[in-house]
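For reference, the structure is listed below as structure tokens.
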Amino acid sequence: MRLWPRRQRSTPTFNNSMLITCRHDVDNPRGWALMFLAIRELSFARLRFALMGAVIALIAVLMVMLSGLSVGLVRDGVSGLQNLPVTSFAFQQDVQRDSAFSRSVVDLSAVDEWAAQPGVADATPFGNTLVNTRTGRGTEVDLALFGVQPDSFLSPAVSQGERLGTEDGIVVSPTALDAGLQMGDVVTIDRLGTQLRVVGITKQQDTFGHVDVAYVPLAAWQAIKSGTVPGAELPQRAATEITAVAVRADDGKSVDLAAGDTAAGTESLTLKESYGASPGYTAETTTLQLIQGFLYAISALVAGAFFAVWAIQRKPEVAVLRALGASTGWVLRDALTQAFVLLAAAVAVGVGVGLALGALITGSGIPFALSMPSISAAGVGLVVLGLVGAGAAVIRITSVDPATALGGNR
């Protein structure tokens with residue numbers, strides 16, 4: 001007996017897209033792969049989605065570069081403060097906060113008042129001033145002098161050379177080597193003639209206001225700050241003046257800054273708040289944050305505009321799906337899945353390109369530093385805001401009348 005081959009049932013298509021043939025396929029978890037019409041559209045409309053993805057990828061590249069610049073500028077501006085093991089600084093009372101390090105003058109007696117406060121592990125004098133110097137080879141180097149007591153917790157660890165100890169010895173940031181300094185160099189302070197010798201290099205970058213930090217003994221800093229020339233006696237008043245009191249709290253404890261300020265006659269800023277007193281810090285960070293905010297908004301608008309046009313083009317297919325039993329939630333989920341796949345792939349490519357470009361820039365003298373937590377947050381933000389824009393655009397297609405597919409509107 002001859003057996004005739006069984007006729008294969010074909011899957012209907014519409015505009016190069018697979019359609020769901022019955023409500024059973026929509027609700028059956030085993031038909032999940034057949035649900036997503038949008039996934040197939042990514043393949044059939046490769047060119048338009050590639051162009052859209054390229055735009056999103058370029059935004060992601062720009063976001064990575066801005067993130068690197070933001071981190072690099074912050075590090076170049078306040079890494080010297082970030083590396084200090086302090087919890088707060090006590091400045092002169094009523095000092096202008098955005099320039100506290102250059103304007104504050106605190107009496108040395110305030111150190112003992114702060115050391116006696118509950119929860120304070122240690123308190124020590126801190127001095128800060130910017131100077132212009134010149135090496136014996138004629139190289140001009142700007143330095144941010146941090147005046148500290150050599151035996152205090154502010155005295156930095158070194159990667160080479162020796163720690164603070166001698167009156168004329170300074171420990172500089174490794175970035176100062178790029179500016180022309182070398183171990184053993186003697187630098188001369190302009191207009192004063194005070195000579196300081198490089199005795200050590202810190203373990204990490206220490207910069208303040210985009211100027212390399214040089215740790216110097218407090219007595220030498222007081223002489224430089226007061227303008228005392230070499231060989232002259234340090235004025236009594238200058239010997240009792242510092243920029244601020246550096247306070248370190250006990251582990252796991254908090255310090256009542258208001259109470260300490262009342263007792264010492266000072267005004268305290270936490271370590272993070274003190275970053276704003278670094279020259280240019282607030283203006284730089286605010287500008288970059290504003291640019292990043294605009295990029296996020298642009299990403300949402302670009303994604304929303306693209307998917308708004310795409311939703312209009314898909315309206316007949318969606319109407320057919322609704323007529324075949326697809327629910328509103330299924331249609332919306334299908335569209336958002338399409339947007340997520342496109343956004344995630346484009347952002348991943350853009351972040352990869354941005355990291356490659358950032359690796360080339362790092363170390364070239366530009367204040368640029370890659371930070372994976374910052375870049376990851378930026379990437380997730382681009383995807384999320386892109387989904388918000390896409391969701392706002394495609395929500396209109398969830399209300400398509402199934403009769404549209406059947407000619408009911410004619």
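The values are calculated or read from the model by the stated rules, or taken from the named source; none is laboratory data. Bear in mind that the values here come from a model prediction, so they are computed numbers and not experimental data. Reconstructed Cβ throughout: ideal geometry from the backbone, glycine too, with neighbour counts over all protein chains shown. Surface accessibility is based on the protein's heavy atoms, side chains included, excluding ligands, DNA and RNA. Shrake-Rupley method; radii C 1.70, N 1.55, O 1.52, S 1.80 Å.
For residue 214, the criteria (1) in contact (Cβ under 8 Å) with a residue 60 or more places away in the chain; (2) within 28 Å of the chain's Cα centre (by Cα); (3) surrounded by fewer than 21 Cβ atoms within 10 Å (Cβ to Cβ) hold in every case but one, which is (3).
Filtered by the rule that a residue be under 38 Å from the mean Cα position of the chain (by Cα) and more than 20 Å from residue 392 (Cα to Cα), the stretch 313-345 gives a lone residue, 345.
Taking the stretch 274-323 as the range and being over 30 Å from residue 82 (Cα atoms) and among the charged types (D, E, K, R) as the test, the residues that pass are 314, 315, 317, 322.
Of all residues in the stretch 236-259, at least one satisfies being open to solvent by less than 40 Å² (accessible area, probe 1.4 Å), assigned to a loop (DSSP other than H, G, I, E, B) and either among the hydroxyl-bearing types (Ser, Thr, Tyr) or modelled with pLDDT of 90 or more (or both). For the stretch 102-118, the criterion of being open to solvent by 60 Å² or more (accessible area, probe 1.4 Å), more than 17 Å from residue 266 (Cβ to Cβ) and not in a strand (DSSP E or B) is met by no residue. For the stretch 266-287, the set of residues classified as small (Gly, Ala, Ser) and either at pLDDT below 90 or buried (at least 17 other Cβ atoms within 10 Å of the Cβ) (or both) consists of 268, 274, 277, 278, 280, 283, listed by residue number.
Scanning the stretch 143-171 for residues that are over 21 Å from residue 248 (Cα atoms), open to solvent by 50 Å² or more (accessible area, probe 1.4 Å) and more than 33 Å from the chain's Cα centre (by Cα) yields a total of 5. Just one of the listed residues (207, 135, 188) is open to solvent by 40 Å² or more (accessible area, probe 1.4 Å) and out of contact with any Cys (no Cβ under 9 Å at 6 or more places or on another chain), and it is 188. Annotation note: Cβ proximity below 8 Å between a residue of the stretch 344-370 that is open to solvent by 40 Å² or more (accessible area, probe 1.4 Å) and a residue that is at pLDDT 85 or above and charged (D, E, K, R) (sequence gap 6+ or interchain) occurs for 365/178; 367/75; 367/76.
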